[in-house]
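The values are calculated or read from the model by the stated rules, or taken from the named source; none is laboratory data. Just so it is clear, the structure is predicted and the values come from calculations on it, not from any experiment. Here the Cβ positions follow ideal geometry from the backbone for every residue, glycine too, while neighbour counts run over all protein chains shown.
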Amino acid sequence: MLSVRDLHVSYGGIRALRGVSIDVHKGEIITIIGANGAGKSTLLNAISGILKPSQGEITFNGAPLKREPSKNVKLGICHVPEGRLVFANLTVKDNLALGAYLRTDRKKIASDLERVYELFPRIKERSSQIAGTLSGGEQQMLAMGRALMTDGDLVLMDEPSLGLAPILVHTVFQIIKEILRLGKTILLVEQNANMALKIADRAYVLEQGLIVKTGPAADIASDPAIRAAYLGSKSVAGG
Amino acid sequence: MEYILGILILSAINLVAVLGLSVLTGFTGLFSFGHAGFMAIGAYTSAIVTARLHLPFAVGLLAAGLVAGIISIGLGRLTLKLKGDYFCIATMGFGEIVKPLLNNWKWVGGARGWESIPKYGGISLLLPFAVAVIAVILSWNLINSRQGRNMVAVREEELAAQMAGVNVLRSKMIALVFSAVLAGIAGGLMANFIGFIAPKTFNMVKSTELTIIVIFGGLGSISGSVVAALLLTVLPELFRAFSSWRLVFYGLAVMIIMIGRPKGLMGGLELTPTSLRKAAAARKAKRDTAAATAEGEKR
């Protein structure tokens with residue numbers, strides 16, 4: 001479905017990605033794990049078109065992706081950016097409606113809204129509340145809901161668990177699994193490698209702009225070097 | 001009488017420039033400190049068309065808007081990818097480039113300025129007001145269109161707007177070109193109603209004045225910009241009696257109003273017949289509840 005080949009991205013003189021290749025197949029949850037500054041967000045931003053790669057190609061369903069984010073949204077890429085950016089002055093419902101900005105199929109929009117409400121009952125309760133007054137976890141859910149309203153097939157998620165209480169982290173990962181059941185494909189970038197590897201099919205480990213390891217999530221999770229670097233000794237002991 | 005008419009014409013001209021900037025700054029969230037540059041381009045274009053090419057004033061005004069608009073596309077290509085403050089500084093640089101270019105262009109008078117630009121009297125005196133009214137209608141329609149809502153989305157949360165499918169760069173470009181065209185036309189009006197232009201008229205103080213008017217009226221309010229443009233053009237004239245102290249009073253007045261209404265006169269709201277009715281109803285409701293509680297307390 002998505003294929004990234006030899007992708008290079010630089011910020012001025014700093015080379016954030018140095019030849020990254022990944023593949024995402026339909027119906028998978030793929031996770032990219034790595035430390036701060038490894039280039040995880042850069043990769044997602046390059047896929048959705050926010051950043052311009054200096055080299056390499058990205059194809060989606062066989063066609064190259066555009067360099068303009070709004071065109072990629074139309075092609076079916078939905079990106080939940082890091083830091084849950086919601087329109088703080090609008091109501092929850094209007095935020096969700098904005099997700100369907102490019103769509104004209106009113107009936108499908110209405111049924112998608114119902115689906116989002118089913119997925120996030122808390123969001124439904126607060127549909128007429130101003131989005132800026134929601135808690136962090138609720139805003140994350142709203143950002144995810146808004147992305148789903150674009151009806152894209154590939155969902156890019158950037159650190160959905162960032163800054164959330166542990167109990168909410170669990171909820172968010174449950175919801176990601178449910179989004180998969182809606183027929184979406186998910187590319188998940190996470191620092192919480194433990195949780196991400198539990199729900200993912202395959203994983204890529206990104207280190208200083210390079211993919212250093214890839215394979216089924218379970219294999220990555222049991223790899224001793226990965227455990228030591230990303231999962232912490234505690235989880236080794238816990239087995 | 002002529003003095004009052006002159007002030008009114010000046011307010012109308014300022015209003016045209018301010019409306020464009022209101023769309024750019026108030027609705028799209030891009031601050032510019034270089035729009036006097038576009039006014040200068042418009043003023044000199046219109047002056048060349050009317051004084052050197054001897055074409056009608058209307059042609060001069062259209063050319064003023066057109067040339068300013070085309071130059072703004074170039075400026076936008078170069079600078080619109082810059083974030084917030086950096087864009088602001090880049091526009092400042094643009095405004096400062098225009099001035100020395102004109103200073104060194106002898107054919108249009110250089111630094112001494114250009115006199116004997118054709119002035120128009122009689123029925124033409126209504127032109128600035130007609131242009132101002134058209135500018136209000138255009139701005140109002142623009143911000144209430146799909147494009148206008150895109151601009152507000154960009155102002156509120158750029159990345160989220162992008163992720164919803166708004167072409168952010170295009171929205172910013174439309175706002176910039178719209179503001180430059182109006183600034184250019186305002187410059188053209190200025191040249192042909194004052195009859196004299198000099199590069200130093202269009203300095204950073206002028207750019208800042210335009211932005212101050214937009215902020216003073218309230219970011220995100222067309223009616224606020226209208227009221228502020230009229231008020232802040234007339235205010236310094238009212239203080240003329242204080243002679244050299246006049247600008248001090250002007251500055252004080254601006255400060256006092258900004259402290260009293262930090263979000264500007266209108267604070268992002270609009271002055272329309274419906275909003276006035278709503279405000280009156282809200283006030284009445286408040287009075288009624290206050291009266292009711294007072295009565296309740298008596299019992």
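Residue count for the stretch A:38-57, restricted to those that are over 16 Å from A:Pro81 (Cα atoms) and away from chain B (no Cβ under 14 Å): 6. Among the residues of the stretch B:119-132, is there at least one that is within 19 Å of the chain's Cα centre (by Cα) and within 19 Å of B:Phe202 (Cβ to Cβ)? The answer is yes, given that some residue of the stretch B:119-132 is within 19 Å of the chain's Cα centre (by Cα) and within 19 Å of B:Phe202 (Cβ to Cβ). Let me spell it out: the conditions are (1) part of a loop (DSSP other than H, G, I, E, B); (2) free of Cβ contacts under 8 Å to residues at least 40 places away in the same chain, and A:Val86 meets all of them except one. Which number is the exception? Against the list (1) part of a loop (DSSP other than H, G, I, E, B); (2) free of Cβ contacts under 8 Å to residues at least 40 places away in the same chain, A:Val86 comes up short only on (2).
Every residue in the stretch B:104-123 that is assigned to a helix (DSSP H, G or I), loosely packed, with under 14 Cβ neighbours inside 10 Å and not basic (Lys, Arg), please. Walk me through it before giving the result.
If we filter the stretch B:104-123 for residues that are assigned to a helix (DSSP H, G or I), which is where we start, we get B:106-108, B:110-112, B:122-123.
Narrowing further to those that are loosely packed, with under 14 Cβ neighbours inside 10 Å: B:106-107, B:112, B:122-123.
Within the stretch B:104-123, B:Trp107, B:Gly122, B:Ile123 meet the criteria.
Any chance the stretch A:54-67 includes a residue that's assigned by TED's automatic domain parsing to the domain that holds A:Gln191 and without any contact (Cβ under 8 Å) to a residue 12 or more places away in the chain? Yes, because at least one residue in the stretch A:54-67 is assigned by TED's automatic domain parsing to the domain that holds A:Gln191 and without any contact (Cβ under 8 Å) to a residue 12 or more places away in the chain. Checked against (1) surrounded by fewer than 17 Cβ atoms within 10 Å (Cβ to Cβ); (2) in a loop (DSSP other than H, G, I, E, B); (3) not assigned by TED's automatic domain parsing to the domain that holds A:Asp219, A:Ala97 passes all but a single condition, namely (2).
Find the residue count for the stretch B:237-278, including only residues that are among the small types (Gly, Ala, Ser) and assigned to a loop (DSSP other than H, G, I, E, B).
Within the stretch B:237-278, the first condition is being among the small types (Gly, Ala, Ser), and the residues that meet it are B:241, B:243-244, B:251, B:253, B:260, B:264, B:267-268, B:275.
Next, only the ones that are assigned to a loop (DSSP other than H, G, I, E, B) stay: B:264, B:267-268.
Residues meeting the conditions: 3.
Of the residues in the stretch A:149-157, not one is assigned to a strand (DSSP E or B), over 27 Å from A:Gly49 (Cβ atoms) and touching a strand residue (DSSP E or B) at 6+ places or on another chain (Cβ under 7 Å).
Quick check on B:Ser145: is it under 30 Å from A:Lys71 (Cα atoms), surrounded by fewer than 15 Cβ atoms within 10 Å (Cβ to Cβ) and assigned by TED's automatic domain parsing to the domain that holds B:Leu15? Please lay out each step first, then the result.
Working: under 30 Å from A:Lys71 (Cα atoms): yes; surrounded by fewer than 15 Cβ atoms within 10 Å (Cβ to Cβ): yes; assigned by TED's automatic domain parsing to the domain that holds B:Leu15: yes.
The answer is yes for B:Ser145.
The residue that is surrounded by the fewest Cβ atoms within 10 Å (Cβ to Cβ), counting only those in the stretch B:148-158 that are touching a residue at least 40 places away in the same chain (Cβ under 8 Å) and of a type in the set (A, V, I, L, M), is B:Val152. Filtered by the rule that a residue be crowded, with 19+ Cβ neighbours inside 10 Å and more than 7 Å from every other protein chain (Cβ to nearest Cβ), the stretch B:159-176 gives B:Ala161, B:Val168, B:Ser171, B:Lys172, B:Ile174, B:Ala175, B:Leu176. Candidates in the stretch A:69-86 are the residues that are surrounded by 22 or more Cβ atoms within 10 Å (Cβ to Cβ) and of a type in the set (A, V, I, L, M, F, W, C); of these, the one that is nearest to the other protein chains (Cβ to nearest Cβ) is A:Val73. Would you confirm, using the coordinates I've provided, whether A:Lys66 is within 10 Å of chain B (Cβ to nearest Cβ), of a type in the set (Lys, Arg) and within 23 Å of A:Val24 (Cβ to Cβ)? Considered against the rule, which asks whether it is within 10 Å of chain B (Cβ to nearest Cβ), of a type in the set (Lys, Arg) and within 23 Å of A:Val24 (Cβ to Cβ), A:Lys66 comes out as no.
Looking at this structure, is A:Lys234 at pLDDT 90 or above, farther than 30 Å from A:Ile109 by Cβ and not aliphatic (A, V, I, L, M)?
Numbers: at pLDDT 90 or above: no; farther than 30 Å from A:Ile109 by Cβ: yes; not aliphatic (A, V, I, L, M): yes.
So A:Lys234 fails the test.
Residue count for the stretch A:1-37, restricted to those that are of a type outside the set (D, E, K, R), outside any loop (DSSP other than H, G, I, E, B), surrounded by fewer than 15 Cβ atoms within 10 Å (Cβ to Cβ) and without any contact (Cβ under 8 Å) to a residue 60 or more places away in the chain: 2.
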